[in-house]
Amino acid sequence: MRDVLVAGATGGIRGRDDVPPRFRPPAPPRHFVGRDAELAGIRAGVTVLHGASGAGKTALALKWLRDRGSGAQLYVDLAAHDLGRVLRAFGLDAGPADEQAVFRGLVTRRQFTLLLDNADSAEQVTPLLPASGTVLVTSRSRLALPGAREIAVGPLPDDGRLGPLLDLSYVELGERQARLYRLCAWEPGAFGVPVAAAIAGEPECDVEDALDDLVEKSLLTEVGDDAFRFHDLVRAHARAMRYQ
């Protein structure tokens, strides 16, 4: 069965049933520890996870989705995903004036649990919120969305459990993956395949495969189409490995 949505003058718009792979939530870091209070604080409705870059907001949201979320889940990185591209991935066609309404209709009709990652402002998020359902939003700032639950995500202290897990993951890496892990950790934010290839001095095709391996081992998080980021504590571990 296929969805049919109507948005203004766009008429009938049909979308595929399956969530396209690029818009499915990635797996949370394998080494995720702590955050019990924050996880317990996430409820149905809209929850905003706010905190400094690298605090682990996205990892927290992904952990909740995997362990406590239900139903189909849609992941949209507002810093990397164009809304029109999201809709086209579902087979939807809408003009710029209708994109937000069509997106809300898609989320509502399919009853997605929605993760809006890397939001800049309430003005960016509000037009995307469905009338009902569960929405998680991550942002560096408090967004003051009406009716939303706000959870501050502070730095996660290393209580001694994380280091041994990272050490085990690191020793399992191949030579190219381990080298990329160490070198790319000096990039302060998100980076793409071309940047990683330039840092490593290797062909992009080889680097892309190695980055995918790091994502699979939960040592790197894919935050968009060919965009990657380290969790703060993982980055610190990778940098330390450079000197060993």
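Below is a table of values for the structure above.
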| quantity | calculated |
| --- | --- |
| Cross-chain or 6+ apart pairs with Cβ under 6 Å, the range 17-43 first and more than 21 Å from D213 (Cα to Cα), then modelled with pLDDT under 85 and part of a loop (DSSP other than H, G, I, E, B) | V33/R161; G34/L156 |
| Out of A101, A131, sole residue that is touching a helix residue (DSSP H, G or I) at 6+ places or on another chain (Cβ under 7 Å), at pLDDT 95 or above and either part of a helix (DSSP H, G or I) or open to solvent by 30 Å² or more (accessible area, probe 1.4 Å) (or both) | A101 |
| Single unsatisfied condition, C205 versus (1) free of Cβ contacts under 8 Å to residues at least 40 places away in the same chain; (2) within 23 Å of L65 (Cα to Cα) | (2) |
| Selected residue [within 13 Å of the chain's Cα centre (by Cα), on the phi < 0 side of the Ramachandran plot and open to solvent by less than 40 Å² (accessible area, probe 1.4 Å)] from S121, S139 | S139 |
| Residue satisfying condition, being in contact with a strand residue (DSSP E or B) (Cβ under 7 Å, 6 or more places away or on another chain) and not basic (K, R), within set A198, A227 | A227 |
| Selection status of T113, open to solvent by less than 20 Å² (accessible area, probe 1.4 Å), out of contact with any Phe, Trp or Tyr (no Cβ under 8 Å at 6 or more places or on another chain), touching a residue at least 12 places away in the same chain (Cβ under 8 Å) and more than 19 Å from A55 (Cα to Cα) | yes |
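The values are calculated or read from the model by the stated rules, or taken from the named source; none is laboratory data. Nothing here was measured: the structure is a model prediction, and the numbers come from that model. Backbone-built Cβ (ideal geometry, glycine too); neighbour counts: all protein chains shown. Each accessible area value is taken on the protein alone, full model and side chains, heavy atoms only, with ligands, DNA and RNA left out. Shrake-Rupley method; radii C 1.70, N 1.55, O 1.52, S 1.80 Å.
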